[in-house]
Amino acid sequence: MSRSQLRVLIAKPGLDGHDRGAKVIARALRDAGMEVIYTGLRQTPDMIVEAALQEDVDAVGLSVLSGAHNVLVPAVLQALQARGLGDVPVFVGGIIPEDDAAALRAQGVSAVFGPGTSTSEIIRVMESVVADRPPVN
Amino acid sequence: MTLADDVLAGDRRALARVLTLVERAAPEAREILAALYSATGRAHLVGITGAPGAGKSTLINALAAQLRASGDTVAVLAIDPSSVFSRGAVLGDRIRMQDLVHDAGAFVRSMASRGAVGGVARASAAAIDVLDAAGFDRVLIETVGVGQSELDIAALVHTVVLVEAPGLGDEVQAIKAGVLEIADIVVLNKGDLPHADIALRTLTLALSLAQPAAGAAAWQPRLQRTDALSKHGIEGLRAALDAHRTHAREGTRWAEQQAVRAKAALVSELREQLYTSFMEQLPPAQLAEIVAAIAARTRDPYSTARHLLAAHS
């Protein structure tokens, strides 16, 4: 069969309502040949992790513009661990100060994309991180 | 424990994993499906179809909550289109199904159509079997938003629900051949909108013009007005679904549907396995040579295929 397509969950945790960035990313990943599950606004970490489990995604992308990334992103990482999904790569996009981005990476986030990152760069990084994962059975 | 055992034991992660393997037509998928097959055939399979934006996802959210309230477990298979250019897809049906997220008796899976044009995906039948084997009482299948003639869903389910909305056409639209013919239940969603009364009359008229099917026991399609956002009319829809399930089980429809699906599954497996085993025995170099000859018009594809098959068997 053909090379399997990446399935990616794009989610917006927390309360900010600015989803243009998430939609631009969803569209760009679609045009790169990925299957993107977009869950919409105002998701709790548990909702995101349950969706990631049911959809069996290869990666989770979180868009956070509210400034609450230091709370929401670790909560998603912990919930993933708790459900046995700790091996699913997590990407974060949004307005994240560099110090915070470093801290999030240290906690297990695969990459943090700030304003101005090109969609082609995001696609390149996501594809290489997912490709480096050991195969799951 | 194999993955199939885990699915039968109700492991949701295993279920999600098996759905991926089936969708990718992975080598191990066939063995898993074989192990699950004897556990299929129990669930009430319901197709939800209709135009893009008619409210299928929102209706499923409300309907599934109603079914859960009556104690049934519910799985949803939501299909959205793949791009013909990039093969990618944005699967957005979950956005409207937030009431089901935290419910251990509900499971929602999104699926891209991957080039299939009949309103469902090539792997949909197998995915439905997996959800059926996992023990859900109802499996709701949301088709791609359809136009007039994407009818593949009818061969996959016991009950077809067609979702209409006000403003989509006059009575001539409603008596055209196509998707309205396969509907067991017609839902007029967005029933709170200004032109809903006119649309309801149009659909009532169209359904009344339908020739009664042969036999007194034939099912007459039901019309149900809903407003899925405010959850109006959902209890009526559930009652119509239950009535149709009872009708299908007591009549011949349920058994006929099982036979249709059994035959479709066998034929498609035969086609797949015959093709695979044949191609495995054809050296790529020989294939390339034959293709070149056909392209150059020194051979034709019809008698060449016949000769190859004769040599194979």
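Can you confirm whether segment A:93-112 contains a residue that is in a strand (DSSP E or B) and of a type in the set (A, V, I, L, M, F, W, C)?
yes
Could you give me the residue pairs with C-beta distances under 8 Å whose first residue belongs to segment B:72-89 and is within 8 Å of chain A (Cβ to nearest Cβ), whose second residue is of a type in the set (D, E) wherever it lies, and which are 6+ apart or on separate chains?
What qualifies is B:S82/A:E35; B:S83/A:D31; B:F85/A:D31; B:S86/A:D31; B:G88/A:D31; B:G88/A:E35; B:A89/A:E35; B:A89/B:D80.
Restricting attention to segment B:152-165, which residues are of a type in the set (V, I, T) and assigned to a loop (DSSP other than H, G, I, E, B)?
B:V157
Taking only pairs six or more apart or across chains, which ones have beta-carbon atoms under 8 Å, a first residue in segment B:164-182 that is closer than 22 Å to B:Q257 by Cβ, and a second residue that is modelled with pLDDT of 70 or more and among the charged types (D, E, K, R)?
Correct list of pairs: B:V179/B:E150.
Would you call B:V160 in contact with a strand residue (DSSP E or B) (Cβ under 8 Å, 6 or more places away or on another chain), buried (at least 19 other Cβ atoms within 10 Å of the Cβ) and away from chain A (no Cβ under 12 Å)?
It is true that B:V160 is in contact with a strand residue (DSSP E or B) (Cβ under 8 Å, 6 or more places away or on another chain), buried (at least 19 other Cβ atoms within 10 Å of the Cβ) and away from chain A (no Cβ under 12 Å).
Tell me which residues, restricted to segment A:73-104, are more than 13 Å from A:I48 (Cα to Cα) and in contact (Cβ under 8 Å) with a residue 60 or more places away in the chain.
Hits for segment A:73-104 are A:G93, A:G94.
Looking at (1) within 9 Å of another protein chain (Cβ to nearest Cβ); (2) within 14 Å of the chain's Cα centre (by Cα); (3) surrounded by fewer than 17 Cβ atoms within 10 Å (Cβ to Cβ), which one does A:D87 not meet, given that it meets all the others?
So A:D87 meets the others, but not (1).
Just name the residue that is nearest to B:L59 (Cα to Cα) out of those in segment B:2-47 that are within 9 Å of another protein chain (Cβ to nearest Cβ) and of a type in the set (G, A, S).
It comes out as B:A16.
Let me spell it out: the conditions are (1) assigned to a helix (DSSP H, G or I); (2) at pLDDT 90 or above, and B:R299 meets all of them except one. Which number is the exception?
Only one criterion is unmet by B:R299, namely (1).
Given (1) under 18 Å from the mean Cα position of the chain (by Cα); (2) without any contact (Cβ under 8 Å) to a residue 60 or more places away in the chain, identify the lone condition not met by B:G50.
(2)
Taking the criterion of being buried (at least 16 other Cβ atoms within 10 Å of the Cβ), at pLDDT 95 or above and closer than 15 Å to B:F136 by Cβ, would at least one residue in segment B:21-39 satisfy it?
yes
What number of residues within segment A:55-65 are facing another protein chain (nearest Cβ under 7 Å) and either surrounded by fewer than 24 Cβ atoms within 10 Å (Cβ to Cβ) or in a loop (DSSP other than H, G, I, E, B) (or both)? Steps first, answer last, please.
Looking only at segment A:55-65, we keep the residues that are facing another protein chain (nearest Cβ under 7 Å), and these are A:55-56.
Okay, now just the ones that are also either surrounded by fewer than 24 Cβ atoms within 10 Å (Cβ to Cβ) or in a loop (DSSP other than H, G, I, E, B) (or both), so A:56.
Total satisfying the criteria: 1.
Could you check, for segment B:257-277, whether at least one of its residues is part of a helix (DSSP H, G or I), aliphatic (A, V, I, L, M), more than 19 Å from the chain's Cα centre (by Cα) and surrounded by 12 or more Cβ atoms within 10 Å (Cβ to Cβ)?
Residues of segment B:257-277 part of a helix (DSSP H, G or I): B:257-277.
Restricting the remaining residues to those that are aliphatic (A, V, I, L, M) gives B:259-260, B:262, B:264-267, B:270, B:274.
Imposing the further condition that a residue be more than 19 Å from the chain's Cα centre (by Cα) reduces the set to B:270, B:274.
Adding the requirement that they be surrounded by 12 or more Cβ atoms within 10 Å (Cβ to Cβ) leaves B:274.
Yes; the residues of segment B:257-277 include at least one that is part of a helix (DSSP H, G or I), aliphatic (A, V, I, L, M), more than 19 Å from the chain's Cα centre (by Cα) and surrounded by 12 or more Cβ atoms within 10 Å (Cβ to Cβ).
Within segment A:10-18, is there a residue that is within 18 Å of B:A14 (Cα to Cα) and in contact with a Gly (Cβ under 8 Å, 6 or more places away or on another chain)?
no
Within the set of pairs 6 or more residues apart or between chains, which connect a residue that is within 13 Å of B:R238 (Cβ to Cβ) inside segment B:53-65 to a residue that is acidic (D, E) and assigned to a helix (DSSP H, G or I) with Cβ atoms less than 9 Å apart?
B:I60/B:D93; B:A62/B:D99; B:A64/B:D99; B:A65/B:D99
Search segment B:101-129 for residues that are within 9 Å of another protein chain (Cβ to nearest Cβ) and pair each with any residue that is part of a loop (DSSP other than H, G, I, E, B) when their beta-carbon atoms are under 6 Å apart and the residues are at least 6 apart or on different chains.
Within 6 Å, the pairs are B:V108/B:M97; B:M111/B:A121; B:A112/B:S82; B:R114/B:S82; B:R114/B:A121.
Return the pair list, or none, for Cβ contacts closer than 9 Å from residues in segment A:105-125 that are of a type in the set (D, E) to residues that are surrounded by 15 or more Cβ atoms within 10 Å (Cβ to Cβ), at least 6 apart or on different chains.
Cβ pairs passing all conditions: A:E121/A:F113.
Inspect segment A:37-54 for any residue being within 11 Å of chain B (Cβ to nearest Cβ), under 25 Å from B:A123 (Cα atoms) and assigned to a loop (DSSP other than H, G, I, E, B) and give the result as yes or no.
Scanning segment A:37-54 turns up at least one residue that is within 11 Å of chain B (Cβ to nearest Cβ), under 25 Å from B:A123 (Cα atoms) and assigned to a loop (DSSP other than H, G, I, E, B).
Which one of these is farther than 28 Å from A:G61 by Cβ and either among the β-branched types (V, I, T) or outside the structural domain of B:V163 (by TED's automatic domain parsing) (or both): B:V144, B:V139, B:V90?
Going through B:V144, B:V139, B:V90 in turn, just one is farther than 28 Å from A:G61 by Cβ and either among the β-branched types (V, I, T) or outside the structural domain of B:V163 (by TED's automatic domain parsing) (or both): B:V139.
Taking interchain pairs and intrachain pairs at least six residues apart, which have beta carbon atoms under 7 angstrom, with the first residue in segment B:225-236 and on the phi > 0 side of the Ramachandran plot and the second outside any loop (DSSP other than H, G, I, E, B)?
Here the result reads B:K231/B:A62; B:G233/B:Q224; B:G233/B:R225; B:G233/B:D227, each pair linking segment B:225-236 to a residue that is outside any loop (DSSP other than H, G, I, E, B).
For segment A:1-36, name all the residues that are assigned to a loop (DSSP other than H, G, I, E, B), modelled with pLDDT of 90 or more and more than 8 Å from chain B (Cβ to nearest Cβ).
A:L6, A:K12
Given the conditions (1) out of contact with any Lys or Arg (no Cβ under 6 Å at 6 or more places or on another chain); (2) farther than 19 Å from A:L9 by Cα; (3) surrounded by 24 or more Cβ atoms within 10 Å (Cβ to Cβ), which single one is not true for B:V76?
All conditions pass for B:V76, except number (2).
The values are calculated or read from the model by the stated rules, or taken from the named source; none is laboratory data. Worth saying up front: this structure is predicted, and the values here are computed from it rather than measured. Backbone-built Cβ (ideal geometry, glycine too); neighbour counts: all protein chains shown.
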